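Reviewing the structure listed below.
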Amino acid sequence: LHELEDKMDVAQLQLNISACLEQMTSNPDAAAAIQQLNTLVDISTLYSGYAEKFNLAECQLAIIHCAGHHDPLLVQRLWRELLTQEINSTQHLPQVSLMSSLRNKIVMLGNTYQTAEKFFPLQFIVQQLEVISCKGGWDEGWVVETLLQTGTSHAHLHATYSSLLQMKQVCWEQLGAPYHLHIVISLLLTSYVAHLNNTPLAERKPVLCAIQDIIDQHVVDLQASTSVGSDVTSALSRFKALQAGFNKY
């Protein structure tokens, strides 16, 4: 029975690859590959002979997940290629449609791999999506809103963003938005507080106290910053507004 289930999984992967190849009308090798895939092939051949050969990043990720093969660097490379391919395939669309398409893709994959986090490397994905969002001038809360739809908790997201912030990566300076992550974290915490309103007070209070400490620390750090400009001013004003909102608790 287990062997039959494995064959069914591989057959489904093979169907997915065939569907992707059918869209590659400009590639003369794709038609021949589709014909070859009318016969069931083993998972190794499916990966190297088709998914990898035709650079089908999403299918490659699905195959290594099915095979239980964990290679962190490979997973990150496939996610980078997957996101690039999704952006390239929708760049002719209006920005709102591009953003919607990318969100749907992330949510679908997040739901697929939510029980196998090693194939959904959250910190890497957040980093990649925030760079895409920042470059495109998208709403600062887009990535957070998208990942919350995958079932990722506010607490897990905050821990991820805090880790990224501590890395002090130069890419944000290069993008002209050195305080981008601070602004995103302020939006994440705002959403977190609103989410906690649905939980019992006894559970809510200690978490709110921890969030207030986090907000206070951000205010101190931003006030101590030697940077000037709208970026740091915007981040500081957002955290001060959050700070003021805690007076009601």
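The values are calculated or read from the model by the stated rules, or taken from the named source; none is laboratory data. For clarity, every value in this text was computed on a predicted model and none was experimentally measured. In this analysis, Cβ positions are derived from the backbone assuming ideal geometry, glycine residues included, and neighbour counts consider all displayed protein chains. Protein only, heavy atoms only, side chains kept; ligands, DNA and RNA dropped before computing areas. Shrake-Rupley method; radii C 1.70, N 1.55, O 1.52, S 1.80 Å.
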Among all residue pairs at least 6 apart or on different chains, which show Cβ distances below 7 Å where the first residue, located in the range 225-239, is over 15 Å from Ile215 (Cβ atoms) and open to solvent by less than 30 Å² (accessible area, probe 1.4 Å) and the second is at pLDDT 75 or above and not aliphatic (A, V, I, L, M)?
Val232/Tyr179; Val232/Ser225
Between Ser101, Ser153, Ser133, which is small (Gly, Ala, Ser) and surrounded by 19 or more Cβ atoms within 10 Å (Cβ to Cβ)?
Ser133
Given the options Ser186, Ser191, name the one that is of a type in the set (Gly, Ala, Ser), open to solvent by 30 Å² or more (accessible area, probe 1.4 Å) and either closer than 29 Å to Val107 by Cβ or not in a helix (DSSP H, G or I) (or both).
Ser191
State which residue is most open to solvent (accessible area, probe 1.4 Å) when the search covers only the range 46-81 and only residues that are among the charged types (D, E, K, R) and free of Cβ contacts under 8 Å to residues at least 40 places away in the same chain.
Lys53
For the range 166-174, state whether one or more residues are more than 15 Å from the chain's Cα centre (by Cα) and open to solvent by less than 20 Å² (accessible area, probe 1.4 Å).
yes
Residues that are of a type in the set (Gly, Ala, Ser) and farther than 18 Å from Met24 by Cβ: find the helices (runs of 4 or more DSSP H) completely inside the range 42-130 holding 3 or more of those.
95-113
Given the conditions (1) among the polar types (S, T, N, Q); (2) in contact with a helix residue (DSSP H, G or I) (Cβ under 8 Å, 6 or more places away or on another chain); (3) closer than 25 Å to Ser89 by Cβ, and given that Gln114 satisfies all but one, which numbered condition is not satisfied?
(2)
Please enumerate the residues belonging to the range 156-183 that are out of contact with any Cys (no Cβ under 9 Å at 6 or more places or on another chain), touching a residue at least 40 places away in the same chain (Cβ under 8 Å) and among the hydrophobic types (A, V, I, L, M, F, W, C).
Leu164, Leu181, Ile183
Considering the range 206-224 alone, what residues qualify as being open to solvent by 80 Å² or more (accessible area, probe 1.4 Å) and touching a Leu at 6+ places or on another chain (Cβ under 9 Å)?
Gln223
Restricting the first residue to the range 15-33 and requiring it to be more than 14 Å from Glu52 (Cα to Cα), which pairs with a second residue that is surrounded by 11 or more Cβ atoms within 10 Å (Cβ to Cβ) meet a Cβ separation below 7 Å and a spacing of at least six or different chains?
Glu22/Ile34; Met24/Ala30; Met24/Phe54
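Taking into account only those residues within the range 12-45 that are among the hydroxyl-bearing types (Ser, Thr, Tyr) and either open to solvent by 50 Å² or more (accessible area, probe 1.4 Å) or in contact with a His (Cβ under 8 Å, 6 or more places away or on another chain) (or both), which is nearest to His65 (Cα to Cα)? Give the derivation first.
Taking the range 12-45 first, the residues among the hydroxyl-bearing types (Ser, Thr, Tyr) are 18, 25-26, 39, 44-45.
Narrowing the set further to residues that are either open to solvent by 50 Å² or more (accessible area, probe 1.4 Å) or in contact with a His (Cβ under 8 Å, 6 or more places away or on another chain) (or both) leaves 25-26, 39, 44-45.
On the way: Thr25: 28, Ser26: 29, Thr39: 22, Ser44: 13, Thr45: 15 Å.
Filtering the range 12-45 for residues that are among the hydroxyl-bearing types (Ser, Thr, Tyr) and either open to solvent by 50 Å² or more (accessible area, probe 1.4 Å) or in contact with a His (Cβ under 8 Å, 6 or more places away or on another chain) (or both), the one nearest to His65 (Cα to Cα) comes out as Ser44.
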